[in-house]
Amino acid sequence: MLENISPRTFGIIVTVLGTLALTPDIILYRLTDADAFTVAFWRGLFAGFTILFGCIVVYKRNTLNVFKSLGKRGFLVAILQSLGMILFYVSLDHTSAANALIIYSTAPILAAVLSWFFLKEKVSKKVLTALAFVCFGVSIVATGSTFNGNITGDLIAFLNALSIAAFYVVVRGSKKINMIPALCLSFFIAAVISYPLALLPALSISQWGFLFISGVFMLPIAISLLTIGPRYLPAPEVSMINLLEVCIAPLLLWWIIGENPGLMSIIGGLIVVLALSGYALLKIRDNT
């Protein structure tokens, strides 16, 4: 059956599955109810060992050589991914989940700007137009945060978006490198960075359960699929599919935990989602 699926269709399926698999991330984080660095430490260890085990199963005696082949770019990808993970969790301790996700969703546009600055890639008028609307939407979200005292969390979320945007730029220029082992390193790096800052309180059985589910199953599966997807799809299509999490996760969190995103976040988030969706649709049309 898989033999009859086109590469583009395969990329869509993989990216959708990865996005849906990552959607419960914020809910599990909130339910774990521990400080950001404790969550990052234990999730990093669980996910790192899980992917390492998978690499050993797949690559067997060649595992060490696969890790060595990552080179400087692979290590940089690991650093950026680990920083993104930590910053995202820290932002959730200082702002609403909706705000963190909305600001995170700006990463594809930020990546286009970074590509122009570092790689000298031309930035189209469509990107600049989308960026203007995205900035307008994020400014509305930030206005609501100023009223609620969440501006620090929003700034941390923006740093997270920047780190992920830089991650996109490095990966874009390293298509021939298998980045799954780099993800393994990223989780271990996140654990090492987080350990000195983590409170590491005594955890209940339910808290360990949430950490285990997220670290052993959700993160390795979701992040691996989202790393594979861009190999088969243009970045605009990937970014549009990733908006599923931005739309679904805050609503689920509101429904399950009762975390109201607030009117300003809803309005600003709608502008950001519409701007990114419009940009992605235009790019898809241009590529067909």
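Bear in mind these aren't lab numbers, they're just calculated from the coordinates by the rules spelled out. What you see is a predicted model, and the numbers here were worked out from it, not measured in a lab.
Values computed for the structure shown
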| item | result |
| --- | --- |
| The chain - percent relative contact order, Cα under 8 Å, separation 6 or more | 42 |
| Exceeding the 30 Å Cα-Cα cut-off - candidates 68/126; 72/122; 72/120; 60/176 | 68/126 |
| Fluctuation leader among 194, 91, 139 - the chain, Gaussian network, Cα springs under 10 angstrom | 139 |
| Kyte-Doolittle mean at least 0.0, axial Cα span of 24 Å or more - DSSP H helices of the chain | 36-59, 71-92, 125-148, 151-172, 235-256, 263-287 |
